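The numbers here are math on the coordinates, done by the rules we state, and not lab data. Note that the coordinates shown come from a computational prediction; the quantities given were computed from them, not determined experimentally. When we count neighbours, we look across all protein chains shown, and the Cβ atoms used for this are built from the backbone with ideal geometry, even at glycine.
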Amino acid sequence: MDKLKQVIINLVQNACEAVTDGKIIHVEVSSLVSSNQVCLQIRNGGMPIPPDFLAKLTMPFFTTKPDGSSLGLVIVKKL
């Protein structure tokens, strides 16, 4: 359970850091009964991620932010 908690914290923190003032962060959890899975969506209403950045998002030390370790999404992917 601690790993799932860390994943959610990292994703929500990332969404908070990327959102502009006045935008709302949406967290949605839905179950896929037929496949015994759960889907977690976290959206911040911010600007879309440029396509050339998508493949790099989970690479260690890749960031578009001025500060931080840039390891949050790397940890999410590993967990």
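Evaluating GLY46 against the criteria (1) out of contact with any Ser or Thr (no Cβ under 7 Å at 6 or more places or on another chain); (2) exposed (fewer than 14 other Cβ atoms within 10 Å of the Cβ) leaves one unmet condition, (1).
Of all residues in segment 18-38, those satisfying the criterion of being more than 15 Å from VAL76 (Cβ to Cβ) and surrounded by 10 or more Cβ atoms within 10 Å (Cβ to Cβ) are VAL19, LYS23, ILE25, HIS26, VAL29, SER30, SER31, VAL38. The set of residues in segment 29-72 that are closer than 17 Å to ALA15 by Cβ and not in a loop (DSSP other than H, G, I, E, B) comprises VAL29, CYS39, LEU40, GLN41, ILE42, ARG43, PHE53, LEU54, GLY72. From the list ALA15, ALA55, the lone residue that is small (Gly, Ala, Ser), without any contact (Cβ under 8 Å) to a residue 40 or more places away in the chain and touching a strand residue (DSSP E or B) at 6+ places or on another chain (Cβ under 7 Å) is ALA15.
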